[in-house]
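The values are calculated or read from the model by the stated rules, or taken from the named source; none is laboratory data. Note that this is a predicted model, so its numbers are computed, not measured. Note: ideal-geometry Cβ built from the backbone for every residue, glycine included; neighbour counts use all protein chains shown.
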């Protein structure tokens, strides 16, 4: 469908356009991170921006996440609107002290005198055979921290639209981009549409079971929903979009409609975002449940390098479909 | 041991009058048996028991009015009485008397003691097979809530959910009870025409019941209708839509298919409307459910209430349960049975408590164009069906005589709006004109 005013856009380019638009609109915006400049970014997101904006505003940093995230916080305190890219979520652990102890707390500790209008973009997730030190999904950890906003754009439209409101937000905002989404192409409006960074979205309406997902797990969840629909099972697919603060209302309303829930989360299930969602459903929608809440998560191992092992360790559409089917059709839940 | 309580047979019922006991102490009852007739403000209703066992005592006399939840009878559950404390007591004397010759000192007492009337069913019962099934029932939270609403005892419900859990759907199936087998002798053969004409026997029987009451049923029913409709008109901001539907080809189809059915199985247009409305609720779910405590809760299934005029005046709208899952013929059967029992005053508790949307059809009365209905709270929509009449109908530049009906929708504006209502009517229209899928 290429309706008037629509165009095909790749997720990677959508992020690039969003950065470019933000930099053109506001001189205070700059991008900084490892290899984002001359090289064009590890995932080629910032390719060409260095040529357009120059080294002052597209800044290559040393391999020192703690230092350059700290520099970003300082710049935000000083009135700039920095976009900091951390190459993968595994490397973000080096910057945890700056993110958790400084970015998330300074507004609170200064009695609101300081805002931290900082955006940190972080590629996350596996599926590209980058092995255990580059493939994990740790966004759930950040969703634990008060003072941070955590976004997970799963669509091209959100990849393009979430950056502007994130930069406008006085709080530090983390944007997690799943590495498998960069090559996804979708139809979007020619001009960027405003999107919010507060609500979850219903990507597919249904009455039989709610499939709650976000980021890189959304495509497999939609695939499972299509397969279920072929057999007359109408799954509602919720894209969380915002991992902190959670759009609890959207979740609970969906549960009230369908009475059955499968949460799809590429993170490990122990102490995870999926556990949090499950707990909230238990707390607030227990009497709406017509089946126990189920989760499809990554196997609890460091993500394997070998391709078939990596695929086996990650949530798959077939597994989402099997679990949803068990809930709706009344089959044993374990296998 | 379980107390049989005055059930709640509708959202607005807070008390009921026990009109008649259908059992006596000592009687064996099976789950689903009708054990009493209870009169609410709306109707006299045959109430089913959800526990199998023995009636131990009737706690409330006929003619007494008591609040919902009051224990009416005590029923010893079949399985429990075997494992319960009474069982060993009853078994004991049998053993001692068998041992009596060996123990002379006790013999005289045992000999003079009158033979204990151990209930015959208690002796063969203590089969150990029943005892170990003390496993906790697997019931989903939603199913528990639903069971409470419908007054369904979960012990006998078969679970079809994940890992064998009892789900909402299982409870609702159980709430439907057994098909009316042993209801009232007067119903031996409900005539096919029951929908058009109340049978004379039914009217006569109702009259007889009325005679025993302090207030004629028609008057109490009128009072109940007055209360519900005043509430509706006061609290529900209604909107109204109507649409003319060309039924010519659908009725021709119906007449054709009816020729292959026996006279008693013929499907009347009413069943088409019930099916179409039930299926249309899947497309526009905000027409189907209950608005309670400031919140709308969509119902999963469509229990379509069908307004029935009862002899002596007044209306009752009992539900055709799960009309969205029944076939057209099943709906017709259910409708026929429901109408005749509504008129005879022998409705079941599960039918009165559960409609999620109502149809008010004045079709067979003749000459009514459009029904402007009032929503029956806590429901949120009412579909009115006018008379089917032959009218000029323009289509494709031609005017022809077609059989058409005017459907109307009375909707609750707190829950939906005219746009959704229009989609709902359009869905009904589309479904009605494709009768093979109904």
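Quick one: is residue B:387 away from every other protein chain (no Cβ under 14 Å), over 14 Å from residue B:409 (Cα atoms) and not in a helix (DSSP H, G or I)?
yes
Just to check your reading of the model, which residue among A:262, A:255 is within 16 Å of residue A:208 (Cβ to Cβ), within 14 Å of chain B (Cβ to nearest Cβ), surrounded by 14 or more Cβ atoms within 10 Å (Cβ to Cβ) and under 20 Å from the mean Cα position of the chain (by Cα)? Walk me through how you get there before you give the answer.
Working: A:255 fails: under 20 Å from the mean Cα position of the chain (by Cα).
Selected residue: A:262, the only one of A:262, A:255 that is within 16 Å of residue A:208 (Cβ to Cβ), within 14 Å of chain B (Cβ to nearest Cβ), surrounded by 14 or more Cβ atoms within 10 Å (Cβ to Cβ) and under 20 Å from the mean Cα position of the chain (by Cα).
Among the residues in region A:221-240, are any more than 29 Å from residue A:312 (Cα to Cα), touching a strand residue (DSSP E or B) at 6+ places or on another chain (Cβ under 7 Å) and buried (at least 24 other Cβ atoms within 10 Å of the Cβ)?
Among the residues of region A:221-240, not one is more than 29 Å from residue A:312 (Cα to Cα), touching a strand residue (DSSP E or B) at 6+ places or on another chain (Cβ under 7 Å) and buried (at least 24 other Cβ atoms within 10 Å of the Cβ), which makes the answer no.
Identify, please: which residue in region B:298-330 is within 14 Å of chain A (Cβ to nearest Cβ) and out of contact with any helix residue (DSSP H, G or I) (no Cβ under 7 Å at 6 or more places or on another chain) and is, among those, surrounded by the most Cβ atoms within 10 Å (Cβ to Cβ)?
Within region B:298-330, the subset within 14 Å of chain A (Cβ to nearest Cβ) is B:298-302, B:324-325.
Within this subset, residues satisfying the condition of being out of contact with any helix residue (DSSP H, G or I) (no Cβ under 7 Å at 6 or more places or on another chain) are B:299, B:325.
Working: B:299: 20, B:325: 14.
This residue is B:299.
Would you say residue B:32 is on the phi > 0 side of the Ramachandran plot, at pLDDT below 85 and in a loop (DSSP other than H, G, I, E, B)?
Answer is yes for this residue.
State all residues of region A:238-252 that are away from chain B (no Cβ under 14 Å) and either modelled with pLDDT under 95 or not in a loop (DSSP other than H, G, I, E, B) (or both); if no residue qualifies, say none.
Step one: list which residues in region A:238-252 are away from chain B (no Cβ under 14 Å), which gives A:238-248, A:250-251.
Residues satisfying the conditions are A:238, A:239, A:242, A:243, A:244, A:248, A:250, A:251.
Give the residues of region B:275-297 that are under 20 Å from the mean Cα position of the chain (by Cα) and on the phi > 0 side of the Ramachandran plot, sorted by residue number.
B:289
Say we look at region B:150-169 and pick out the residues that are in contact (Cβ under 8 Å) with a residue 60 or more places away in the chain and over 22 Å from residue B:77 (Cβ atoms); which of these is farthest from the other protein chains (Cβ to nearest Cβ)?
B:169
Looking at region B:386-397, is at least one residue out of contact with any helix residue (DSSP H, G or I) (no Cβ under 8 Å at 6 or more places or on another chain) and under 24 Å from residue B:237 (Cβ atoms)?
Checked region B:386-397: no residue is out of contact with any helix residue (DSSP H, G or I) (no Cβ under 8 Å at 6 or more places or on another chain) and under 24 Å from residue B:237 (Cβ atoms).
Let me confirm something: among B:417, B:412, which residue is within 15 Å of residue B:285 (Cα to Cα), touching a residue at least 40 places away in the same chain (Cβ under 8 Å) and buried (at least 18 other Cβ atoms within 10 Å of the Cβ)?
Testing whether each residue is within 15 Å of residue B:285 (Cα to Cα), touching a residue at least 40 places away in the same chain (Cβ under 8 Å) and buried (at least 18 other Cβ atoms within 10 Å of the Cβ) leaves just B:412.
Determine, yes or no, whether residue B:82 is at pLDDT below 85, more than 25 Å from the chain's Cα centre (by Cα) and buried (at least 18 other Cβ atoms within 10 Å of the Cβ).
Here the answer is yes, as residue B:82 does meet what is asked.
Being closer than 27 Å to residue B:175 by Cα and assigned to a strand (DSSP E or B) narrows it down to one residue among B:409, B:382, B:338; which is it? Steps first, answer last, please.
Numbers: B:409 fails: closer than 27 Å to residue B:175 by Cα; B:338 fails: assigned to a strand (DSSP E or B).
The conditions single out B:382.
Here's a check for you: in region A:297-330, which residue that is surrounded by 15 or more Cβ atoms within 10 Å (Cβ to Cβ) and within 11 Å of another protein chain (Cβ to nearest Cβ) is modelled with the lowest pLDDT?
So, considering only residues that are surrounded by 15 or more Cβ atoms within 10 Å (Cβ to Cβ) and within 11 Å of another protein chain (Cβ to nearest Cβ), the one modelled with the lowest pLDDT is A:330.
Among the candidates A:310, A:276, A:300, single out the residue that is closer than 19 Å to residue A:136 by Cβ and part of a loop (DSSP other than H, G, I, E, B).
None of the other options fit; the residue is A:300.
How many of the residues in region B:281-297 are within 11 Å of chain A (Cβ to nearest Cβ), part of a strand (DSSP E or B) and out of contact with any strand residue (DSSP E or B) (no Cβ under 9 Å at 6 or more places or on another chain)?
Residues that pass the stated criteria total 1.
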